[in-house]
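All remarks here apply to the structure that follows.
No value in this document is a laboratory result; all are computed from the given coordinates. Because the structure is predicted, anything quoted here is derived from the model rather than measured. Because the Cβ atoms are built from the backbone with ideal geometry, glycine has one as well, and the counts that use them run over all protein chains shown.
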Amino acid sequence: MPQGAVDGGEGVSYNDDMHEQVKQEEQKVAEEQEQKSCDFDPAATQQEPSEEQRDVDHTDPAEVQEATDELGKWRDLAMRTAAEYDNYRKRCVKERDEFTRYATRGLLEELLPIVDNFEMGMQMAEAEKGSMIYVGMEMVRKQLVDFMAAQGVEKIETRVGDAFDHNIHEAIQSEPSEQEEGSITRIVRPGYRLKGKLLRAVNVVTAAPRTEQEQK
């Protein structure tokens, strides 16, 4: 193969390997979650009345009243137990869904620095957009973007001049600027969300407060 040529099959294999790794991670999480299944037996919390409690003289009003009160007590206990079990079951389902939903978070966090370095390489290669090296890198970048999108990762849109938002931005320094105090003057590193939740904040530089002399 001529120097600089790109084997597109290697890029596809690389993308398939990444998908397989995420699939294995999700399967592992599912197995761990299954081992920690929400086993709960509501009957175990209930106590059967004794033989003495079941033998009631129906001709004795006092015993009948006592038995009625006892029955009401057991009925209330059964209703509370059923309600607690239902709440427990719902909580387990919610926790399992949340656990599965964000199971790949650690893997994606480790992937982001690789994406950062790749983007830096793309910027350097832009000087020769017609080269086979750049074309091959562009193919790999598209595969990375598609892979991250499939995992629910989205890039946080931030522009120079935007107001600083501590929910999605992380200021690493401030610098004198003609812009409004606290606004973003430079974007150092992009940030990402994972299925709506912050995965990594955007690293930014903000405009420093102006001195009295600068304000005049």
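On average over all directions, what projected area in square nanometres does region 101-216 have, based on the convex hull of its Cα atoms?
Numbers: hull surface 35.4 nm².
With the hull built on Cα positions only, its mean projection is 8.8 nm².
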Rg followed by Dmax, in Å, when region 155-209 is reduced to its Cα trace | 10.9, 36
Once you put a point 7 Å from the Cα of M139 and another 7 Å from the Cα of E170, both along the Cβ direction, what distance in nm separates them?
-> 3.5 nm
Find, to one decimal place in angstroms, the Kirkwood hydrodynamic radius of region 92-163, where the mean of 1/r is taken over every pair of different Cα atoms and then inverted.
-> 14.7 Å
